[in-house]
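Input: a single structure, listed below in structure tokens.
The values are calculated or read from the model by the stated rules, or taken from the named source; none is laboratory data. Quick caveat, the model's predicted, so the values are computed rather than measured. Heads up, the Cβs are rebuilt from the backbone with ideal geometry, glycines too, and the neighbour counts pull from every protein chain shown. Calculation scope for accessible area: heavy atoms of the full protein, side chains included, ligands and nucleic acids excluded. Shrake-Rupley method; radii C 1.70, N 1.55, O 1.52, S 1.80 Å.
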Amino acid sequence: MSGLVIENLSVQYPTTQSNSHPTLALDKVNLSLAAQSFCVVLGASGCGKSTLLNSIAGFIPVTQGALSLDGQAITKPSVDRAVVFQNHALFPWLNVADNVSFAGKLAGVDAKTQAKQTEQILQWVGLEHAAEKSILELSGGMQQRVGIARVLASKAKMLLLDEPFAALDAFMRESMQELLLNIWQQSKRQILLISHDIEEALFLATDLVVMGEGKILHHYQPTFSQRFAQGQSTRAIKSDREFIEWREQLFQQIVAGRI
């Protein structure tokens with residue numbers, strides 16, 4: 001099957017000085033996501049969201065079960081999967097264009113192809129005017145766009161984003177959500193994003209996964225991202241009665257401790 005497949009996945013962290021018992025971070029998780037899907041994993045802090053992302057990235061060993069992407073087993077990090085963290089980890093000694101083209105240089109892509117690819121990706125993220133700027137000259141939102149541009153340049157099949165907009169203000173966060181949907185539509189990559197923001201999850205997701213205590217409790221398929229693709233404005237979508245009902249339903253689940 002193309003896309004991401006997770007079967008009976010469990011991850012247990014060993015004992016530490018502060019915790020004498022092993023921690024079961026993921027408990028028999030099963031999930032199938034089609035290629036080019038946009039999955040948002042939603043849940044309260046400590047529910048296993050980041051552990052799930054790190055397992056898919058290949059950063060941590062699994063205790064039980066299996067993961068695969070397009071039929072290939074996931075056992076370690078790979079160029080097929082690129083990660084954007086809350087801390088964008090850009091190279092401050094390089095300008096914007098050089099940060100974006102870094103992955104291509106590592107892969108041995110010739111300079112002409114790199115330049116063309118970098119120009120296209122900077123246009124996607126709205127930074128073509130800032131190609132020669134220093135990273136230190138950019139705002140937090142612009143730096144996060146450079147981080148996203150850099151993983152797009154990697155040609156990874158799947159982008160993994162761990163709450164990349166958490167530090168941004170509400171206005172910039174919404175702008176970045178719109179940007180990410182546009183990039184997803186243009187690049188046709190599979191995306192998995194970790195979030196604790198209900199509105200963000202509903203707005204972005206073709207697959208909305210709700211987690212609690214290391215388990216997947218719900219798997220929804222909202223259609224609000226499709227409305228955006230069809231030209232409906234973000235404000236109209238988020239103020240729509242159906243959107244508000246979804247939001248309140250999920251919020252009440254969190255408050256009641258059911259996730």
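Across the stretch 16-39, the number of residues qualifying as more than 16 Å from the chain's Cα centre (by Cα), outside any strand (DSSP E or B) and either at pLDDT below 70 or closer than 24 Å to Val209 by Cβ (or both) comes to 5. Residues in the stretch 96-126 that are more than 24 Å from the chain's Cα centre (by Cα) and not in a helix (DSSP H, G or I) were compared, and the one that is surrounded by the fewest Cβ atoms within 10 Å (Cβ to Cβ) is Gly108. Within the stretch 29-42, being under 14 Å from Ala205 (Cα atoms), crowded, with 22+ Cβ neighbours inside 10 Å and either in contact with a Lys or Arg (Cβ under 7 Å, 6 or more places away or on another chain) or aromatic (Phe, Trp, Tyr) (or both) holds for one residue alone: Val41. Taken together, Gly71, Gly48 contain a single residue that is surrounded by 15 or more Cβ atoms within 10 Å (Cβ to Cβ) and at positive phi, which is Gly48. Considering the conditions (1) hydrophobic (A, V, I, L, M, F, W, C); (2) open to solvent by 30 Å² or more (accessible area, probe 1.4 Å); (3) out of contact with any Gly (no Cβ under 7 Å at 6 or more places or on another chain), Leu250 is excluded by exactly one of them, (2).
When Ile198, Ile191 are checked against the criterion of being open to solvent by 10 Å² or more (accessible area, probe 1.4 Å) and among the aliphatic types (A, V, I, L, M), a single residue qualifies: Ile198.
For every residue, the table says whether it meets (1) modelled with pLDDT under 95; (2) part of a helix (DSSP H, G or I); (3) acidic (Asp, Glu).
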{"residue": "Gln144", "(1), (2), (3)": "yes, yes, no"}
{"residue": "Leu192", "(1), (2), (3)": "no, no, no"}
{"residue": "Leu202", "(1), (2), (3)": "no, yes, no"}
{"residue": "Ile216", "(1), (2), (3)": "yes, no, no"}
